[in-house]
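The values are calculated or read from the model by the stated rules, or taken from the named source; none is laboratory data. Here the structure is a predicted model, which is why all the values come from computation and not from measurement. Here the Cβ positions follow ideal geometry from the backbone for every residue, glycine too, while neighbour counts run over all protein chains shown.
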Amino acid sequence: MLAWNGSDVAEPVFILQGFPGLDHVHSWLSVPFFLAYLVAFTGNVTVLSVVWTEPSLHQPMYYFLSVLALTDLGMSVSTLPTMLTVLWSGAREIHASACYAQLFFIHTFTFLESSVLLAMAFDRFVAICRPLRYPAILTSAVIGKIGTACLLRSVGVVLPTPLLLRRYHYCRINALSHAFCLHQDVLRLSCSSARVSSVYGLCVVIATLGVDALFILISYALILSAVLSTTSREERLKALNTCVSHICVVLIFFVPVIGVSMVHRFGKQLSPVVHILMADIYLLLPPVLNPVVYSVRTKQIRLGILRKFRINRSF
């Protein structure tokens, strides 16, 4: 494989990875992955459609839910082309430019999802701890500014990574570990000094996922304190019930992230298939389960879906 500095030598080609040792059943493995993508696409589009068409759902909580659904759609679309191409046709080559574009979108949507979950935690905090000021604090203009800030932060912290990767030389067999491009996976193939990019990537993870997780925990500590100070047991249960869906999606997002990190750090002796499955779960689980959680747990969304499909039942 030729080295490349972005100007005088041919662009390198990276080799995507399916499931090592299971190449003969890739076509069968593609079925559950295709169904997962189908569920993710259908579920998130349905949530977006219901929130858009139901006037009663034009509230801050559901606006943030719409942004979360858009983020999940973006995450699914970012990984879908190469994942199914590898499993269906066995075509594994991807040019560097396409690889950098894919990892940019994957990581941008990952950090955006974390930011949106933090914004949703803030929404729940204001709704429970400052209920009388809720309409004044979370106006449409404020929600728009929060959404823009989340997007700009996610794009801003990820943008330097493909620019740095493009400057490196790749002179080994450029075989990746997954059926899609991730920053650390591409970075390990560089035969240039990649310390700057590696340190930058670590700092970005701490400053985004780490900080967001910390503030979400603080938000729920304050929410729990406010709820426990309520004298009525019925009011406490009602307040906590409004947070259940959000707590579920927070766990669905952060538990796989922690799992991937732990496997990467302490599971080097594990089969490559385990590492691949963990990465697939980390990228596929939130888009698949988030709309399911909100459809099942949130009465307004559930009723909106039933009305949309003209299903008349009592819930």
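From (1) hydroxyl-bearing (S, T, Y); (2) over 12 Å from Y100 (Cβ atoms); (3) buried (at least 16 other Cβ atoms within 10 Å of the Cβ), pick out the condition that doesn't hold for T139.
Every listed condition holds for T139 apart from (3).
If you check every pair at least six apart or on different chains, which have Cβ atoms under 7 Å apart with a residue in region 11-33 that is over 21 Å from L270 (Cα atoms) first and a residue that is part of a loop (DSSP other than H, G, I, E, B) and charged (D, E, K, R) second?
Going by the 7 Å Cβ cut-off, the qualifying pairs are I15/R92.
Only one of (1) under 20 Å from the mean Cα position of the chain (by Cα); (2) farther than 30 Å from T139 by Cα is not met by D23, so which one is it?
The number of the failed condition is (1).
Failed condition for A239, given (1) exposed (fewer than 15 other Cβ atoms within 10 Å of the Cβ); (2) modelled with pLDDT under 80, with all others met?
(1)
Of all residues being surrounded by 17 or more Cβ atoms within 10 Å (Cβ to Cβ) and of a type outside the set (G, A, S) in region 185-199, which is farthest from the chain's Cα centre (by Cα)? Just the residue, please.
L189
From the list V204, V116, V155, which one is among the β-branched types (V, I, T), touching a helix residue (DSSP H, G or I) at 6+ places or on another chain (Cβ under 9 Å) and surrounded by fewer than 19 Cβ atoms within 10 Å (Cβ to Cβ)?
V155
Being touching a Leu at 6+ places or on another chain (Cβ under 7 Å), within 23 Å of F64 (Cα to Cα) and of a type outside the set (K, R): is that true of F254 here?
No: the conditions fail for F254.
Which condition breaks for I305 when tested against (1) farther than 19 Å from V50 by Cβ; (2) of a type in the set (A, V, I, L, M, F, W, C); (3) at pLDDT below 85?
The number of the failed condition is (1).
Taking R265 as the residue in question, decide whether it is over 21 Å from I146 (Cβ atoms), assigned to a helix (DSSP H, G or I), touching a Ser or Thr at 6+ places or on another chain (Cβ under 6 Å) and at pLDDT below 85.
No, not satisfied.
Scan region 265-288 and tell me whether some residue there is acidic (D, E), under 30 Å from V51 (Cβ atoms) and within 16 Å of the chain's Cα centre (by Cα).
Checking region 265-288: at least one residue is acidic (D, E), under 30 Å from V51 (Cβ atoms) and within 16 Å of the chain's Cα centre (by Cα).
Quick one: in region 158-178, which of the residues that are surrounded by fewer than 14 Cβ atoms within 10 Å (Cβ to Cβ) and under 27 Å from the mean Cα position of the chain (by Cα) is modelled with the highest pLDDT?
Within region 158-178, the match that is modelled with the highest pLDDT is L159.
In region 74-101, which residues are surrounded by fewer than 20 Cβ atoms within 10 Å (Cβ to Cβ), within 19 Å of S197 (Cβ to Cβ) and in contact with a Phe, Trp or Tyr (Cβ under 7 Å, 6 or more places away or on another chain)?
Passing the criteria: none in range.
In region 30-37, is there at least one residue being in contact with a Ser or Thr (Cβ under 9 Å, 6 or more places away or on another chain), hydrophobic (A, V, I, L, M, F, W, C) and under 17 Å from D123 (Cβ atoms)?
no
Specify which of the listed residues (V244, V249) is without any contact (Cβ under 8 Å) to a residue 60 or more places away in the chain, closer than 28 Å to L65 by Cα and of a type in the set (V, I, T).
Criteria check complete, one pass: V244.
Only one of I247, I281 is touching a Pro at 6+ places or on another chain (Cβ under 6 Å) and closer than 30 Å to F309 by Cβ; which?
I281
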